[in-house]
Each structure stands twice: as structure tokens, then as C-alpha cells.
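To start, the structure itself, in C-alpha cells.
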Amino acid sequence: MRTTLEHLLATRQSGFDPTALLMLDLDRFKAINDTLGHLIGDELLKQVAQRLERIIEKTGVVGRLGGDEFQVILASESARNDAEPVARTIIETLSRQYIIKGAPLTIGCSVGIAVAPEQGQTVETLTRNADLALYAAKDGGRSTYRIFNEDLLVDAKNRRQLEDDLRLATSNGELYLVYQQVVSTATEEIVGYEALIRWNHPRRGNVSPAEFIPIAEETGLIAGIGEWVLRTAVADCAAWPGGVRVAVNVSPLQFANPKLPHLIANALTASCLPPDRLELEVTEGVFLQTDDDSGCTFKTLKDLGVRLALDDFGTGYSSLGYLQKAPFDKIKIDQSFVRGAIMAGNRKAAIIKAIVTLANTLGLETTAEGVEQQDEVVFVRELGCSSIQGFVYGKPVRAEQVAADLDQRGLSAQLVGHRISRPPREKVILKALLVRGSDRNEATVRNTSGGGAMIESASLTPSDVGTSVAIELQQGSIWTGIIKWVDGQRAGVELSRAGRSSR
Ligand code: C2E
Ligand code: MG
Ligand code: MG
């Protein structure tokens, strides 16, 4: 393939004659090899090669680079225009079912494209650029193709730089932890803190963990970083008053390390923190490891006495099977369901409610993540979540600040978020029934704050002022109170049940 490409690039007639290079990589081929064995893997590769040859025939050259990587070179005059349709055909054809030793099998394929001369004039640049495009295709969800562009190169360089910097970050003391409160909805007391890593980059300033954790995972740096996080968080927590817990995020790669339980036991002993004050947060990613040892790891961890939480629930496969596989103590409902759940016209509240019901049935706690506004606190409590985490109780702070806060204020949590979900305020609604004596009328709760609620109903009249009412919310709870004022179709209700609104 290399010789062919070299020859084609060297013997182009005019300066703009196209040569298209397509880099192919099968999606999750390793899983097939690992689970079904190398003989099946080899047979699959043969059939893939046959299909590729049939697609390309005389229009180009097909070769295998090794493993599950293939290459296609198109060198006709129309190669520039052909590359994309050919990529589509390849992806479509290779993803059709295979029959191997009598059993059906499927696999996906990702493709990266670079066309000479505009996207590389030498074998090296063209190959590198097609590779970058392939990388982007994989990143873009696999079973898709990408054409090289300069941005990919800039991204790759940035990433390389960040990788190099991250290697030094630990030893340079650029990483630190901040802690975010987890607050019980029932008692409004702090039950624990989640440790969140921060990187203060010498030139870039703060780099988000969403950006550097994936790099740490890919480079294997996560092992060292993860251990540091664990030890630091456990030691910090042991020094805090009030018996609060600490939650630590554990990446799937750390989880796959058989030494993890040992490491955790070690950190706990070193700091004298009781195991039930440590909660490990894992995402569904831990179940996607090829070897199925995760069940065993879960059990060992449970035997140590640490708590387990399933993080970001609702964003991945949200497989109920996972809930059965592992002895979780808690489900963390992803912030994408919480944010905006209170607004009209979405199903988020119903989804949260369903997750809570499921969790309750299984005897699991729930934490709503990303609660920002005070009216969301009320809302989330109504939906039955056992705890709340979010900027409504403040931004995450350093360990020393946590200790100082706990010393000063004890466990009671302070609301600092905006009172109501402002934008757009008019849309903050909960469907409800307004009950006055035997009258039941449709109403809408516009907002709740300071122990009151503003409701809207066509049935309101000025003579309602002073009337005792009940507001039956769609999700099943009932608020009671007295109408304090009526203005057109709107009324202010002073709520009598404690805990119905946030101050
Ligand atoms: P996560 O575990 O789901 O952490 C919650 C994220 O939501 C944090 O982002 C937190 O700052 C943010 N957040 C909390 N409340 C609110 C809110 O009210 N509004 C908004 N807009 N955001 C809120 P952060 O710190 O940027 O972390 C992002 C992700 O990076 C984490 O998601 C976690 O998956 C990962 N991560 C953070 N620290 C570590 C670590 O030490 N180890 C590992 N493996 N992953 C970590
Ligand atoms: Mg987390
Ligand atoms: Mg989360």
C-alpha cells in the first residue's frame, strides 16, 4: 500500500490530480476477538476483506495494514468526488450481517479520508491526516466517516500538548480537589461532599475535568491521578467534623484495575476513615469493560463496607440490568434531567419521578444533580429525591473551606441560588387542581418562594381572598394554604405546610 501510494503521488500527471486515501478501522473488533476467540476474529477479517475487494474492484487498491485496520486508495480522475460515496458504501456494506461458522455476527466500520494534493502531498502527511480524520470519525460515534480538515490538526496538536502538560501536572502540584455539598431533601442538612478534581494549568488557567479526564484515561495517567484523588479525598474527609461522607469519582479504567479494592482499603486505613463514609461514584462505563470482572470488584468493594453510587444515570444505556448487577446504594440523576424540569412542556419531571420510583422500589437513594434554583429544590423534593447537589447550595470549595464551614454552621445547608428559575419566568409552571370546598378547578402554579405560591386559574375571583385552599399537584402531592391576594386570574397563596417552599 505504501509503495502504491508513493508511486501514485510521484507520478501524478498534473499538479491537481487527486489521490484519495481512506483509512478504515472496524468498530469494537477487539470485543469480538476477546469474546468469540481469534479463529472467529480471523474469519471475520477475511470476509471483511472480501467485501472490500468487491466494492473497490478495479477502481482502486485495498490493503490491510494489520489488526482490524484497512486502507483504500482511489486514484482515478474522479477520486476527489468518489471518496465520500465509497466511504458510505463501505460502512453500509461492512455493517451487514456476517455468517461465521454458522453463527450470525455484525460489526461496524469507521472511515477517515484525506485527498492529495490538498490534504497532503507526501505519504506521511496524507496518512497522518487520514488517520486524524479516522480518529474524529471514531470520536463522532463510530460507524461514520470524516474528511480531514485543518481543525483536526490543530485539535490534535492541542491535545498532544495537554497530554504532555498533564504528565507534569501531578508532580508540579497543579491538581487540586474541590468539594460540593450533597444535601438531604428531608432535613436540609449536609450529608456529604463530592470530590471534584481541578487543574490549574500554568498558561491556560483552569482546564475542565470534562476535557482532561478523557485524556488521562486514554494515556493511562488516570491510574496515578485517580489514586491521588482517592487518598486526598479520604484524608480530607477524615479531618472534617460532623461525620459527613465523601464521594469520589472512579473512572472505568481505575475500576478495571484488580488492585482497586486494595488501594481503597489502604487509603481508608491510612486515614482512619470508616468505610461507610466513602462513596464511590461510577458511571455505566464500568459495565462496558470487555472482561466481566466488574461484578466481582463490586462485591469486594461492598465487603470493604464502602458505598456505591451510579453516576449520571439517564445519559448512557440506563440499563436496568446494571442496577441488578451491582449492589448500588444510590442513583445520581443526571443534571440534564434536572435542569429545566420545572419548565412547561417537557417530560423531565416524569422521567425523574420514574427513576425515583424505581430507586425506591430497589431500596436505593437518589441524588438530583445540578440543582441551581431555589424553586427547583422544592420541585425535586416533591418528586421524592432523597438528596440534592448543585450550585443552589454554592459552588464547590476547597477542603479547608469545608472544614471551616462545618465548624461554623454545622450541618445545616445554606441556599444561595436564585429563588426562581428566571428565564423565562412565565414558563415556570406546574399543572394543578385548585380545591375550594367542593369546587375543583384547573390551575397552574407559576412559582413558589418564601413560603408562598403564585397560582393562576380562570376560576379565581376577588372574593377568594382569605379562602382556605388545597393545591393538588399533578405528581400527587397536595399543598394547603390561604389565598392572600387575587389579581385577575392570579392569586398569591400562603402555604401552611412546612417544607413546601424554600426561603
Ligand atoms: P460528575 O461526577 O457528574 O460531577 C458533577 C459535575 O456537575 C461537576 O462538574 C460539577 O461542578 C457540576 N455541577 C454540580 N452542580 C451543578 C449545577 O448546579 N449546575 C451546573 N451547571 N453544573 C453543576 P465538573 O467538576 O466540571 O466535573 C465534570 C465531570 O468530570 C464529573 O461529572 C466527573 O465525571 C468528572 N470528574 C471530576 N472529578 C473527577 C475525578 O476526581 N476523577 C474522575 N475519574 N472523574 C472526575
Ligand atoms: Mg460524580
Ligand atoms: Mg454526575
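With the condition kept exactly as written, say whether any residue in the stretch 376-391 is on the phi > 0 side of the Ramachandran plot, within 14 Å of ligand 1 (Cβ to nearest atom) and not β-branched (Val, Ile, Thr).
Restricting attention to the stretch 376-391, the residues satisfying the condition of being on the phi > 0 side of the Ramachandran plot are 384, 390.
Subset that is within 14 Å of ligand 1 (Cβ to nearest atom): 390.
Narrowing the set further to residues that are not β-branched (Val, Ile, Thr) leaves 390.
Yes - at least one qualifying residue is present in the stretch 376-391.
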message: On the basis of being of a type in the set (Lys, Arg), touching a residue at least 12 places away in the same chain (Cβ under 8 Å), assigned by TED's automatic domain parsing to the domain that holds VAL182 and open to solvent by less than 20 Å² (accessible area, probe 1.4 Å), does LYS353 make the cut?
response: no
query: Which of the residues that make up the stretch 457-479 are modelled with pLDDT of 90 or more, assigned to a strand (DSSP E or B) and not small (Gly, Ala, Ser)?
result: VAL469, ILE471
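Tell me which strands (runs of 3 or more DSSP E) are completely within the stretch 278-338 and hold 2 or more residues being within 23 Å of GLU382 (Cβ to Cβ) and away from ligand 1 (no atom under 11 Å from the Cβ), or say none if there are none.
Numbers: elements: 278-282, 307-313, 330-333.
It comes to 330-333.
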message: Restricting to the stretch 195-217, name every residue that is open to solvent by less than 20 Å² (accessible area, probe 1.4 Å), within 16 Å of the chain's Cα centre (by Cα) and within 12 Å of ligand 2 (Cβ to nearest atom).
response: ILE197
- request: Could you give me the residue pairs with C-beta distances under 7 Å whose first residue belongs to the stretch 305-316 and is in contact (Cβ under 8 Å) with a residue 24 or more places away in the chain, whose second residue is near ligand 1 (Cβ under 9 Å from one of its atoms) and open to solvent by 30 Å² or more (accessible area, probe 1.4 Å) wherever it lies, and which are 6+ apart or on separate chains?
  value: ASP311/ASN249; ASP311/THR283; ASP312/THR283; GLY316/THR283
- prompt: Tell me, which residue of the stretch 245-266 that is farther than 18 Å from PRO327 by Cβ and crowded, with 20+ Cβ neighbours inside 10 Å is nearest to ligand 3 (Cβ to nearest atom)?
  reply: ASN249
- line: If we ask which residues in the stretch 90-116 are outside any loop (DSSP other than H, G, I, E, B), touching a helix residue (DSSP H, G or I) at 6+ places or on another chain (Cβ under 9 Å) and open to solvent by 60 Å² or more (accessible area, probe 1.4 Å), their number turns out to be 1
message: If I ask for residues that are closer than 23 Å to ASP139 by Cα, of a type outside the set (Asp, Glu) and open to solvent by 70 Å² or more (accessible area, probe 1.4 Å), which ones from the stretch 1-56 would you list?
response: ARG28, LYS30
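Does the stretch 388-396 include one or more residues that are of a type in the set (A, V, I, L, M), over 20 Å from GLU284 (Cβ atoms), open to solvent by 40 Å² or more (accessible area, probe 1.4 Å) and in contact (Cβ under 8 Å) with a residue 24 or more places away in the chain?
Here is the first cut: in the stretch 388-396, the residues of a type in the set (A, V, I, L, M) are 388, 392.
Adding the requirement that they be over 20 Å from GLU284 (Cβ atoms) leaves 388, 392.
Pick out the ones that are also open to solvent by 40 Å² or more (accessible area, probe 1.4 Å) and you get none.
Taking every residue of the stretch 388-396 in turn, none turns out to be of a type in the set (A, V, I, L, M), over 20 Å from GLU284 (Cβ atoms), open to solvent by 40 Å² or more (accessible area, probe 1.4 Å) and in contact (Cβ under 8 Å) with a residue 24 or more places away in the chain.
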field: Hey, ASP334 under 29 Å from ARG419 (Cβ atoms), in the same structural domain as GLU279 (by TED's automatic domain parsing), within 16 Å of ligand 2 (Cβ to nearest atom) and at pLDDT 90 or above or not
entry: yes
message: Quick check on my filter: what residues within the stretch 244-275 are free of Cβ contacts under 8 Å to residues at least 40 places away in the same chain and within 16 Å of ligand 2 (Cβ to nearest atom)?
response: VAL250, SER251, PRO252, LEU253, GLN254
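Of a type outside the set (Asp, Glu) and in a strand (DSSP E or B) - does that describe any residue in the stretch 28-50?
Here is the first cut: in the stretch 28-50, the residues of a type outside the set (Asp, Glu) are 28-33, 35-41, 44-50.
Add one more test, that the residue is in a strand (DSSP E or B), and what stays is none.
No, that holds for no residue.
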- line: Of those in the stretch 188-222 that are in contact with an Asp or Glu (Cβ under 7 Å, 6 or more places away or on another chain) and among the polar types (S, T, N, Q), the residue nearest to GLY370 (Cα to Cα) is ASN200
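The values are calculated or read from the model by the stated rules, or taken from the named source; none is laboratory data. All values derive from a computational prediction rather than experimental measurement. Cβ: placed from backbone, ideal geometry, glycine included. Neighbour counts: every protein chain shown. Surface accessibility is based on the protein's heavy atoms, side chains included, excluding ligands, DNA and RNA. Shrake-Rupley method; radii C 1.70, N 1.55, O 1.52, S 1.80 Å.
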